[in-house]
1. Hey, among Arg302, Arg308, which residue is at pLDDT below 95 and under 16 Å from Val103 (Cα atoms)?
2. Confirm whether Gly321 is small (Gly, Ala, Ser), touching a strand residue (DSSP E or B) at 6+ places or on another chain (Cβ under 6 Å), surrounded by 17 or more Cβ atoms within 10 Å (Cβ to Cβ) and touching a residue at least 60 places away in the same chain (Cβ under 8 Å).
3. For region 245-254, which residues satisfy the criterion of being in a strand (DSSP E or B) and either modelled with pLDDT under 95 or surrounded by fewer than 19 Cβ atoms within 10 Å (Cβ to Cβ) (or both)?
4. Confirm whether Glu251 is of a type in the set (Asp, Glu) and farther than 26 Å from Ser298 by Cβ.
5. Among the residues of region 286-306, write down those that are crowded, with 21+ Cβ neighbours inside 10 Å and either within 28 Å of the chain's Cα centre (by Cα) or basic (Lys, Arg) (or both).
6. For Gly260, state whether it is closer than 27 Å to Gln55 by Cα, of a type in the set (Gly, Ala, Ser) and surrounded by 15 or more Cβ atoms within 10 Å (Cβ to Cβ).
7. If I ask for residues that are closer than 26 Å to Met74 by Cα and not in a strand (DSSP E or B), which ones from region 235-244 would you list?
8. Can you name the residue in region 145-170 that is modelled with pLDDT of 90 or more and in a loop (DSSP other than H, G, I, E, B) and, of all such residues, is surrounded by the fewest Cβ atoms within 10 Å (Cβ to Cβ)?
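The values are calculated or read from the model by the stated rules, or taken from the named source; none is laboratory data. Everything numeric in this text was worked out from a predicted model, so none of it was measured. Note: ideal-geometry Cβ built from the backbone for every residue, glycine included; neighbour counts use all protein chains shown. Note: accessible area is taken over every heavy atom of the protein model, side chains too, but ligands, DNA and RNA are not part of it. Shrake-Rupley method; radii C 1.70, N 1.55, O 1.52, S 1.80 Å.
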Amino acid sequence: RSREPQPDQRISPTEAMGARWVLAWGLCAVCLGRVKDDGLIRDAEAYWIIDPSDQTCLTELGTFGACDDDALFMYLQRDASWVARLLGGGGIRRSLTMVLEPVQKKACLSTRSAYGRTILGGGDCANVKQAQSWEMLHSTARRYTTKQNEDAVASVALTTNRKKSCVVRDSSLWSRTARLARALAGEENAQKERVPRGALANTVSVLSCEKRGHTPLELTASNVANSGFLFQAADGVNCYDGVRFRACSDEDRTLRWGIGIRFNRAGRPETSLFKFYNQSACLVELRNDDVGLGSCSSAASRLWGVTRGRLCRSGDCVTTGKCLARSAYDSAGKLHKCAMNIFEHLTLTLDSDGSDALAQALKEAAAREEQAKLEAEAEARRIERRAAQNTRTSYSSQL
């Protein structure tokens, strides 16, 4: 499959407006999740938002980078307050919440002003205008003639401001190739426009959908909602089960975790970690810095997060909060102040890894090509044998 992008990677405004954009209701039903009796959203899927031109992911910094744990988002909806509904602010709002982000005021993808333009970054989920107005619209536009990522569940345009503003990757607007293509397409002053300050190869801008179009992005599911994940230690052998570290096993159901999120009254997310096959049991902080399993409705089950491989509670996992460490005596989990730099490095082991999406697609394509090649060779040998047999039969009949 060809992976060469077209000269102009940006979808033109005409194509954007002409494309049949519809709200991805099927997608929303899968990824928005449902609120349980304890207020916890347990079944929301976590997605990588991938730019198919180079297979990089939208990250918590609002830029495109590695498809790792820091690039996972949940597309969540919550009801607006009765005051907002009374003032005509709408009844439903949607946020792109960063998975296991420990800092509440940086836990949602938000718009902000910088360098005289609107960019993205981690922001406060309580901000209605900047963090609660995201709409994922199905996009029929394509940069390629063939599908690039076989794991993608949808191709979307990421919009905000009541679908009037779209996320556009800066390189698709300001690269030399893109500007030349725009000039050849008859766009006035395309070559004379100055590149905005701060516009880099991996940055994005939030621009008018009508004037600048959108960048089509692909959603790849991590399968967290379907099969959970493991907390794997740095030794690659042991996993955390909520009480202690023990041997990892894909078949051991008790090692699998799920991610639950509830929004508090201020509109900020509080993350809980529940046992995937026993969803009433959550990881909780106990007395004397012990950790264990308890009720998901408990206040001690909230405010968990992961950053730089550190699992922590009530902090940023670096200078504040308590980080999980492993006891030398019985491998039990213990909490220590993160500022002491004592922690057990953990990796989220997922069934689907966004960073391997391209490699996996290439691997599968290569396997199919190899299988087709083997079948073609086998068919060629069969044809050759039949031809040789027919030749011998014809020769014998002539004798």
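1. The unique qualifying residue is Arg308.
2. Taking the combined requirement at face value, the residue satisfies it.
3. Scanning region 245-254 gives Arg246, Ala247.
4. Judged against the criteria, Glu251 is a match.
5. Across region 286-306, the qualifying residues are Cys296, Ser301, Arg302, Trp304, Gly305, Val306.
6. No: the conditions fail for Gly260.
7. Listed by number, the residues that qualify are Asp241, Gly242.
8. Among them, the one singled out is Arg162.
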